[in-house]
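Quick notes on the structure that follows.
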Amino acid sequence: MAEISTEWGGWGPEVRDDPYPRFAEARSQCPVQKVRLADGHDAWVVLGYDAARQALNDPRISKDMVAALDADPDAVAEGLPGPAYSRHMLNVDPPDHTRLRRLVARAFVPSRVAALEPAVRAVAEDLLDRLGSQGPDAEVDLVAGFAHPLPFRVIGELLGIPEADRSQLHAWFQVLLSGWAGDPPAEAVVASDGIVAYLGDLVAAKRRVPANDLVSVLVTANDGDQLTAQEVLSSLFQLVVAGHDTTTSLIGNGVVALLDHPDQLHRLLTDLGRLPAAIDELMRFAAPVPHATFRMTTEPVAIDGVEIPAQEQVLVCLGSANRDPDHFATPDVLDISRGDGPNLAFGHGIHFCLGAPLARLEARVAFDALLRRHPDLRLAVDRDALAWTHGDGLVLRGLESLPVLLGPDHRPR
């Protein structure tokens, strides 16, 4: 069963917009199987919940992309702007991972994340003010006007990116993360070069004049855990991407899921205190990250009884694992009161998403502000017109746009 010849990725609109039937079909054949990726590379995809937990927590399945590229020069580095930006905590193993994560974790301690809530709420309210100023009957893009700028502004504050620079940096990242087939287009190269130059200048500025932000924390660490220049730049790139893009998709995908399930939306509207549990369920049901990031075996590894040889790429399909009927009751049903235990949307093991508390905070504030002010929110286009064209469909999955009618603003006057 493990040698089934399956094409994985590069899907057309039918699978791209709703990959879950495809995931279910493959999972029913074998929870661990060999596949052919859209770029022609072979890989192994892990589809079952228990198998995914095992793979995410097995030290023989390495995250060291640099070593993997040395072993297989034809491997693809997931669209990073260059090798100088590949040395961050998502792409290394212990002990380097332990050191990098410990340093970056200083920005995500619970007290610091909780202290961000007023700023996050102010951003959310400001963005909704701007959208609402167009009138209750105006069609607005909830991605461009709300879901995308909110987390980008928050990560800009966290990193200490000057407000005047954020618009250009945001535009570059939008181009770089838009996804493409084959060689990157000219505009993506320009965006990549712009990001590389900007982050280099930002690091130099923070070395000269440190401030109370994460970039300053990274460049001034002197307690024996100093970062190299490559590690600082790599970590900043990774934090900007992880700190805004996935949260953008969580908000957009989550809004669509709620509109698709009016009974669950109604339950939430009657008690917004359900939001923390609802957000976890939306992460499970409408995965903004369908597959975990790059992994490769360093030696033969048996996952759920299937042996994967050494030096093989492994894709852990979080979107499939989180709909595994062996673990979740009625997995294809959105249930904001679900009690099946934790899902794998934020990963598992030592690479569990460090920014999960911030993502949950941003999503909770975003949904609270949006649904409190606009409980009559509805799509402005036919449901079939929505297209999940943001990202590559493997690691990232989101909407480029989400046209909606907000309806009247229900804030107390």
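List of remarks:
- With respect to the conditions (1) under 30 Å from ILE303 (Cβ atoms); (2) at pLDDT below 80; (3) out of contact with any Leu (no Cβ under 6 Å at 6 or more places or on another chain), PRO81 lacks only one, and its number is (1).
- Counting only residues that are assigned to a loop (DSSP other than H, G, I, E, B) and within 30 Å of VAL256 (Cα to Cα), region 279-323 holds 10 of them.
- Considering residues of region 284-321 that are surrounded by 22 or more Cβ atoms within 10 Å (Cβ to Cβ) and more than 19 Å from ASP50 (Cβ to Cβ) only, the residue farthest from the chain's Cα centre (by Cα): MET296
- When PHE146, PHE152 are checked against the criterion of being touching a residue at least 60 places away in the same chain (Cβ under 8 Å) and within 26 Å of LEU233 (Cα to Cα), a single residue qualifies: PHE152.
- Residue in region 144-152 that is surrounded by fewer than 22 Cβ atoms within 10 Å (Cβ to Cβ) and farther than 30 Å from VAL203 by Cβ present: yes
- Any hit, region 373-380, residues being closer than 29 Å to LEU158 by Cα and buried (at least 20 other Cβ atoms within 10 Å of the Cβ): yes
- The single condition among (1) modelled with pLDDT of 95 or more; (2) polar (S, T, N, Q); (3) in contact with an Asp or Glu (Cβ under 8 Å, 6 or more places away or on another chain) that SER320 does not meet is (3).
- Within region 58-67, the set of residues being in contact with a helix residue (DSSP H, G or I) (Cβ under 8 Å, 6 or more places away or on another chain) and modelled with pLDDT under 95 comprises SER62, LYS63, ASP64, MET65, VAL66.
- Residue match in region 381-389 (condition: under 23 Å from the mean Cα position of the chain (by Cα), within 30 Å of ARG106 (Cβ to Cβ), of a type outside the set (Asp, Glu) and at pLDDT 95 or above): no
- Test: residue in region 348-371 that is assigned to a loop (DSSP other than H, G, I, E, B), farther than 27 Å from ALA124 by Cα and modelled with pLDDT of 90 or more: yes
- The residues of region 16-33 that are under 23 Å from the mean Cα position of the chain (by Cα) and free of Cβ contacts under 8 Å to residues at least 12 places away in the same chain, listed by number, are ASP18, PRO21, ARG22.
Per-residue answers, yes or no, for (1) among the aliphatic types (A, V, I, L, M); (2) within 14 Å of ALA257 (Cβ to Cβ); (3) in contact with a helix residue (DSSP H, G or I) (Cβ under 6 Å, 6 or more places away or on another chain):
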{"residue": "ILE336", "(1), (2), (3)": "yes, yes, yes"}
{"residue": "VAL365", "(1), (2), (3)": "yes, no, yes"}
{"residue": "LEU377", "(1), (2), (3)": "yes, yes, no"}
{"residue": "ASP384", "(1), (2), (3)": "no, no, no"}
{"residue": "VAL395", "(1), (2), (3)": "yes, no, no"}
{"residue": "PRO408", "(1), (2), (3)": "no, no, no"}
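- Residue, surrounded by the most Cβ atoms within 10 Å (Cβ to Cβ), within region 322-331, restricted to residues that are over 13 Å from ARG53 (Cβ atoms) and not small (Gly, Ala, Ser): ARG323
- When residues in region 332-356 are screened for being over 14 Å from the mean Cα position of the chain (by Cα), surrounded by fewer than 21 Cβ atoms within 10 Å (Cβ to Cβ) and more than 12 Å from ARG53 (Cα to Cα), 9 of them pass.
- Any hit, region 83-106, residues being among the aliphatic types (A, V, I, L, M), without any contact (Cβ under 8 Å) to a residue 40 or more places away in the chain, assigned to a helix (DSSP H, G or I) and buried (at least 17 other Cβ atoms within 10 Å of the Cβ): no
Residues are listed down the side, and each one gets a yes or a no for (1) out of contact with any His (no Cβ under 7 Å at 6 or more places or on another chain); (2) closer than 27 Å to ALA114 by Cβ; (3) at pLDDT below 85:
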residue	(1), (2), (3)
ALA164	yes, no, no
LEU177	yes, no, yes
ALA221	yes, yes, yes
ILE251	yes, yes, no
GLY254	yes, yes, no
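- For ALA211, the test of being more than 30 Å from GLY9 (Cα to Cα), in contact (Cβ under 8 Å) with a residue 12 or more places away in the chain and among the hydrophobic types (A, V, I, L, M, F, W, C) is passed.
- Residue match in region 385-395 (condition: more than 15 Å from MET283 (Cα to Cα) and in a helix (DSSP H, G or I)): yes
- The single residue among ARG53, ARG27, ARG36 that is surrounded by 15 or more Cβ atoms within 10 Å (Cβ to Cβ), within 24 Å of TRP388 (Cα to Cα) and at pLDDT 95 or above turns out to be ARG27.
The values are calculated or read from the model by the stated rules, or taken from the named source; none is laboratory data. Keep in mind that what you see is a predicted model, and the values were worked out from it rather than measured. Backbone-built Cβ (ideal geometry, glycine too); neighbour counts: all protein chains shown.
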